[in-house]
1. Which residues, taken from the stretch 636-673, are touching a helix residue (DSSP H, G or I) at 6+ places or on another chain (Cβ under 7 Å) and of a type in the set (Val, Ile, Thr)?
2. Count, please, the residues in the stretch 662-677 that happen to be surrounded by fewer than 21 Cβ atoms within 10 Å (Cβ to Cβ) and in contact with a Leu (Cβ under 8 Å, 6 or more places away or on another chain).
3. Output the residue which, of all residues in the stretch 128-177 that are of a type in the set (Lys, Arg) and assigned to a helix (DSSP H, G or I), is surrounded by the most Cβ atoms within 10 Å (Cβ to Cβ).
4. For residues in the stretch 617-661 being assigned to a strand (DSSP E or B) and open to solvent by 50 Å² or more (accessible area, probe 1.4 Å), which is nearest to Thr594 (Cα to Cα)?
5. How many residues does the stretch 584-600 contain that are under 25 Å from Ser660 (Cβ atoms), of a type in the set (A, V, I, L, M), assigned to a loop (DSSP other than H, G, I, E, B) and open to solvent by less than 60 Å² (accessible area, probe 1.4 Å)?
6. Taking the condition of being modelled with pLDDT under 90, within 17 Å of Phe681 (Cα to Cα) and in contact with an Asp or Glu (Cβ under 8 Å, 6 or more places away or on another chain), how many residues in the stretch 696-729 meet it?
7. Being of a type in the set (Val, Ile, Thr), open to solvent by 40 Å² or more (accessible area, probe 1.4 Å) and closer than 20 Å to Pro469 by Cβ is the filter here; which residues of the stretch 273-299 pass it?
8. Which number in (1) modelled with pLDDT under 85; (2) of a type outside the set (Ser, Thr, Tyr); (3) in a helix (DSSP H, G or I) marks the one condition that Lys316 misses?
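The values are calculated or read from the model by the stated rules, or taken from the named source; none is laboratory data. Since we're looking at a predicted model, the values are computed, not measured. Counting neighbours? That spans all protein chains shown, and the Cβs are built from the backbone with ideal geometry, glycine included. Ligands, DNA and RNA are stripped out before the accessible areas are found, and what is left, the full protein with its side chains, is counted by its heavy atoms. Shrake-Rupley method; radii C 1.70, N 1.55, O 1.52, S 1.80 Å.
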Amino acid sequence: MRSRKRKNSHILTLEGHLEHITYFNKDTHYTVARIITGPSQNPVTIVGYMAGISPGETLKIRGKWKIHPKYGQQFKVQSYDVTLPATLDGICKYLESGMIKGIGPSMAGRLVGAFGAQTFDVIEKKPERLLEVDGIGETKAAMICNAWRDHHTIRGLMQFLQEMGVKTSYGAKIYKEYGSDAVELLREDPYQLANDFPGTGFLIADTIAQNLGLAKEEPDRIRTGIIHMILQITEDGHTFAEEENLVVRCENLFQIDRNAIQNAVEELVHSKRIVAEPYKNDTQTQAIYLKELHLAETGLANRLKALLSVPIAPVKIDPDRILTEVQKKLALNLSAEQLHVLDKVFSHRISIITGGPGTGKTTLLRSISTIFEALGKKVQLAAPTGRATRRLADVTRRRARTIHRLLGYNFKDGLFVRSQDNPLEADAIIVDEASMVDTELMYHLLKAVPTSATLVLVGDVFQLPSVGPGNVLADMIRSERIPVFYLNTIFRQETESPIVINAHRIRKGEFPEYKPVEDIDGLSDFYFLEESNPEQVVLKIVQLCSDDIPRRFKLDPLQDVQVLTPMHKGVVGTINLNHVLQEVLNSNPVLIETVGGAFKIGDKVMHLKNNYQKDVYNGDIGTIRQIDKKGGEISVDYYGRTVNYDRSETDEISMAYAISVHKSQGSEYPAVIVPMMTQHFALLQRNLLYTAITRGKNLVILIGTRKALSIALQNDNPQKRLSRLADRLIDS
């Protein structure tokens, strides 16, 4: 029988003198440095999350070797210990490094001259003696002491996290939140992390607590574990957790007694941190909500019912006048179906317009805006994302804003300026891509809609639901309380657009009609390449992006072509595809390495979270125009506007040669390439495939297997989202 290797047998230990710090991220403490090891004085590059280290120190580091594709062999640090220099020369060089604010080369010499080998001990334990040194007054002495304390506090926190088995990459955020009291606070109440860092905070806290020897049945652990689990459930799109499912998951994952969990749920309900209410007309089945989401769902339902109860003054518009107005201002001919919607939409306080691609939603958006303005009404246009907003503005030729901007979101306090007490100044509010709006955002929007205004929600209910919790548009339609207008006629069919035709086939679960990619001739806009080998799929995507599409369709591979894939990991996931496509499509050298990736000038990048200060939003795609390698600043061009990121902000962007289908919502690209592999089984859903297909404006190429395509078409029952919005609207 073969002997089994120990899991950590590859962990090595190195000891050396820290010679130079090449790169240091002050927000994450990610560090690239060089140490000198052994009698031979060999230089070694080390990388990892390290804080409180300075040239001149001796480091004992544990980790493993890795090969970087550009920089060669490096030692990846998992944990480390620091030894302060003991020789007078070492102490002097250490203080000269600039690590301690207020001490330069001259002052370092005077300190060592005054205190010799006891210099560090004096700074740390007898700071009053610093006044004995020429040039140091009380202000400077305080500055030196504070800088020394801060430097060694963060080092102590990192070492504490190492001892507790927690990744040191979390150290920077913890220190930023708790400061010099971090270690003391974590020892006293580790589960405070769960409150201050929703999501990962509980896992870090639980690791620390177990290493400190706290009992699994600790009340704080049970309560924070329950909150953590509800948060996890809402991240899957649900607005609440079913009590039995919640109890079982906590019981299994946290190894907690069932009765203790149920008691803790009651305590949390009593303290109003969560809300429990009967579910499915069964007093024995409880729906467990986070307080904020319960407020949003009930508030949204109540606001919808309130708006629907307000009578609307009848607006009778002559169809001939509509046609004349639209033809005169927009040069459009409306169908009988579109005229019917236009005639009815002005007679309802709230209405929903839904339909697939090519059914005339854009034409209706433009027409509705035009008619409202012809009636002297003030119209506000909005969409949930920056990209969807720009598209809305382009098609309507009017100003459009993100919902957050429309409501005056204040990023500092997380509140909206517009509300029920300060409603929007509008007679009509039109929201495009409404399927992307989650429960909380729709609640805030509805609060700000004046009772005298008309609200029109436009969206494709067959697309993927919102990233945030809830399935708002679908629930509003299902309630049958709100007038819904379905657009079914495909107007672009006369142009024989296979994209539009196939999107509707896919929506109905039918196989798309396509040409094989081998027959690419520039005459069709929908192709399918059968390939089961993931590595070959990647090679074909590279071939399409770098040669076939630019040559045969005259499209720019960076600006016009977007690769959409269901997953991040794996050979055909976004991570690997971005690395491969960057190498092929961008010949510029790598100029900067960050936690977010290795970037070059000319890279296609995506912004990852809403940044209202910079006016750039989650999912916006741009191009890197400049990189200041020394200062660590990256300049990105978003739709003709430059946004600068300093070194601490580079984790807000990632490469975007390939992005997830979810991230593509609300966007349209001249060409899309979509790998469909059985390796993506967990995410092969009809609405995901439908969403990906409908992102392509002029060209769609699927690559993968018929089996994967068949799985996606047959899977029209993606995980049902738990939400009671429809029930609340029905029960009125």
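1. If the condition is that a residue be touching a helix residue (DSSP H, G or I) at 6+ places or on another chain (Cβ under 7 Å) and of a type in the set (Val, Ile, Thr), then Ile659, Val661, Val672, Ile673 are the ones that fit.
2. So the count comes out to 2.
3. Filtering the stretch 128-177 for residues of a type in the set (Lys, Arg) gives 129, 140, 149, 155, 167, 173, 176.
In the following step, the residues that additionally are assigned to a helix (DSSP H, G or I) were identified as 129, 140, 149, 155, 173, 176.
Numbers: Arg129: 16, Lys140: 17, Arg149: 15, Arg155: 20, Lys173: 18, Lys176: 11.
Here the answer is Arg155.
4. Of the residues in the stretch 617-661, the ones assigned to a strand (DSSP E or B) are 621-628, 633-638, 641-645, 653-655, 658-660.
Narrowing further to those that are open to solvent by 50 Å² or more (accessible area, probe 1.4 Å): 625-626, 628, 633, 641-642, 644.
Details: Arg625: 17, Gln626: 15, Asp628: 13, Glu633: 11, Arg641: 23, Thr642: 20, Asn644: 15 Å.
My answer is Glu633.
5. Within the stretch 584-600, residues that are under 25 Å from Ser660 (Cβ atoms), of a type in the set (A, V, I, L, M), assigned to a loop (DSSP other than H, G, I, E, B) and open to solvent by less than 60 Å² (accessible area, probe 1.4 Å) number 1.
6. Residues flagged as modelled with pLDDT under 90, within 17 Å of Phe681 (Cα to Cα) and in contact with an Asp or Glu (Cβ under 8 Å, 6 or more places away or on another chain) within the stretch 696-729 amount to 1.
7. Listed by number, the list holds a single entry, Thr285.
8. (3)
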